[in-house]
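Quick note: the coordinates plus some simple rules give every number you see, no bench work behind them. Treat the numbers as computed from the prediction; the structure is a model and nothing was measured. Using ideal geometry, Cβ is built from the backbone for each residue, glycine included, and neighbour counts are taken over all protein chains shown.
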Amino acid sequence: MKIVMETARLYLCVFEEEHIESAKHFWGNQEVMALCDGPTPHELLSQVIAGYRKCHEVLGLSVYAVIVKETNEVIGSAGFNIAGSMKEVELIYHFIQSSWGNGFASEAANACLELAKSHTNIQKVTASASPENKGSLKILEKIGFTYKGMKWFDDTQQDEPYYEYIIVSN
């Protein structure tokens, strides 16, 4: 298990093939992904995990498995979608339903910001969530993101609250 960040209760680790079964409970779950772009078909999870692993190897930053230290259970994912330049990355996170309301998403998202701060190229972290996903919107504000307005997203086919976290001012 390659740990990239550790918090009081969690490890953020590079995704491995052994995490596919766990990923079915967040990325492959209709209720978890209902306010995102929908669930990922189970047969594609191996490719998703391989892609995130390669992203970490090449860029030094990715989306990571979130593991509870006490139980070694994979409860979700947190990290960055990287499209184009490393100057701006998008924070994402998804968690199994049984972990909701326990502060794990806030803890993991905050750890991701620390990773972004330690990466010399990143200047800005962006994030968005469905307007109905009040929990995620509250997390973004809690960890220091600034609301910038509504923005259209092609993947979800809707306007969503859009947030930014500035690492380095231009």
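If the segment from residue 102 to residue 16 were pulled out straight at 0.36 nm per residue, it would be longer than the present Cα-Cα gap by 28.5 nm. Cα to Cα, under 14 Å, and not fewer than 8 places away if on the same chain: which aspartates and glutamates meet these conditions relative to residue 142? Partners found: 107, 164. Restricting the GluC sites (Glu not before Pro) of region 98-166 to loop positions (DSSP other than H, G, I, E, B) with no more than 13 neighbouring Cβ atoms within 10 Å leaves 132.
Which shape class, rounded, prolate or oblate, goes with region 99-170 when its Cα gyration tensor gives a ≥ b ≥ c as root eigenvalues, a/c under 1.5 marks rounded, and past that a/b bigger than b/c marks prolate?
Numbers: a/c = 2.11, a/b = 1.16, b/c = 1.81.
Oblate.
The Kirkwood hydrodynamic radius of region 1-84, based on inverse pair distances between different Cα atoms, is 13.0 Å. Taking square-rooted eigenvalues a ≥ b ≥ c of the alpha carbon gyration tensor, is region 39-91 rounded, prolate or oblate, where a/c under 1.5 means rounded and, failing that, a/b exceeding b/c means prolate? Cα axes put region 39-91 in the oblate bin. For the pair residue 142 and residue 1, label points projected 7 Å from Cα toward Cβ lie 2.3 nm apart.
Considering only DSSP states other than H, G, I, E and B, which trypsin sites (Lys or Arg not before Pro) in region 47-95 qualify as loop sites with at most 14 other Cβ atoms within 10 Å?
Numbers: sites: 53, 54, 69, 87; in loops: 69, 87.
Sites meeting the loop and neighbour criteria: 69, 87.
Size descriptors for the chain (Cα atoms only): Rg and Dmax, in that order, 14.9, 42 Å. When you filter the GluC sites (Glu not before Pro) in region 1-104 for DSSP loop state and at most 10 other Cβ atoms inside 10 Å of their Cβ, you are left with 70. Cross-link pairs exceeding 30 Å in C-alpha to C-alpha distance, out of 69/148; 2/87; 54/134, comprise 69/148; 54/134.
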